[in-house]
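Structure record follows, encoded as structure tokens.
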Amino acid sequence: MKEIRGDIWEYRDSAIVAITTNGQVSRSGKAVMGRGVAAQAASLFPDMAQLLGRRLVEGGNHVQYLGENIVSFPVEHSPYQVPDLRLIERSARELVALADEQGWRSVVVPRPGCGGGGLSWNEVRPILDRCFDDRFTVISVDSTDAI
């Protein structure tokens with residue numbers, strides 16, 4: 001696993017970009033994508049919330065390829081909960097399995113649960129370090145976070 005700082009969206013043409021998500025679906029059938037890279041994805045790709053909402057209903061709160069070189073990475077069951085370290089680990093394992101299946105050579109992931117979710121990178125890093133190999137890059141935009 002590599003660690004860098006920068007803008008995750010700069011990598012979408014050369015890598016798969018993971019967006020941290022939750023399992024909540026609104027009454028209109030759209031995934032709740034209210035903050036972080038999920039909110040950015042919803043803004044950049046207007047159909048993304050509807051697509052992820054369908055995938056959540058059909059397949060549950062799991063890693064899902066969403067097209068546009070974007071994959072969901074569940075970190076919490078609801079936007080009203082604290083990110084779940086067990087869910088982050090399951091998502092990391094699912095993402096590795098999907099990368100293996102699809103032959104992805106480069107996947108960029110934000111620090112899951114560490115932005116708006118409030119988890120410490122020191123809590124999350126060891127989990128990802130156990131799961132991810134050198135195909136995976138964890139990106140941080142916060143210059144105050146130690147890498």
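For the reader, a short list of remarks on this structure follows.
- Only one of 140, 106 that is touching a residue at least 40 places away in the same chain (Cβ under 8 Å), surrounded by fewer than 18 Cβ atoms within 10 Å (Cβ to Cβ) and on the phi < 0 side of the Ramachandran plot: 106
Residue-wise test of (1) among the β-branched types (Val, Ile, Thr); (2) under 17 Å from residue 115 (Cβ atoms).
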{"site": "8", "(1), (2)": "yes, yes"}
{"site": "27", "(1), (2)": "no, no"}
{"site": "40", "(1), (2)": "no, yes"}
{"site": "62", "(1), (2)": "no, no"}
{"site": "74", "(1), (2)": "no, yes"}
{"site": "81", "(1), (2)": "no, yes"}
{"site": "89", "(1), (2)": "no, no"}
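- Scanning the stretch 5-21 for residues that are in contact with a helix residue (DSSP H, G or I) (Cβ under 8 Å, 6 or more places away or on another chain) and either without any contact (Cβ under 8 Å) to a residue 60 or more places away in the chain or within 19 Å of residue 124 (Cα to Cα) (or both) gives 8, 9, 17, 18, 19, 20, 21.
- Output for the stretch 56-81, where each listed residue is in contact with a strand residue (DSSP E or B) (Cβ under 7 Å, 6 or more places away or on another chain) and farther than 22 Å from residue 132 by Cβ: 56, 57, 77, 78, 79
One line per residue, one yes/no per condition, for (1) of a type in the set (A, V, I, L, M); (2) touching a residue at least 40 places away in the same chain (Cβ under 8 Å); (3) in contact with a strand residue (DSSP E or B) (Cβ under 8 Å, 6 or more places away or on another chain); (4) not in a strand (DSSP E or B):
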| position | (1), (2), (3), (4) |
| --- | --- |
| 46 | no, no, no, yes |
| 51 | yes, no, yes, yes |
| 94 | no, no, no, yes |
| 123 | no, no, no, yes |
| 127 | yes, yes, no, yes |
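- Enumeration of residues in the stretch 26-44 that are buried (at least 19 other Cβ atoms within 10 Å of the Cβ) and either in contact with a strand residue (DSSP E or B) (Cβ under 9 Å, 6 or more places away or on another chain) or modelled with pLDDT under 95 (or both): 31, 32, 33, 36, 37, 38, 41, 42
- Residue match in the stretch 59-79 (condition: surrounded by fewer than 16 Cβ atoms within 10 Å (Cβ to Cβ), in a helix (DSSP H, G or I) and charged (D, E, K, R)): no
The values are calculated or read from the model by the stated rules, or taken from the named source; none is laboratory data. Fair warning: this is a prediction, and the values are worked out from it, not measured in the lab. All Cβ positions, glycine included, derive from the backbone under ideal geometry; neighbour counts span all protein chains shown.
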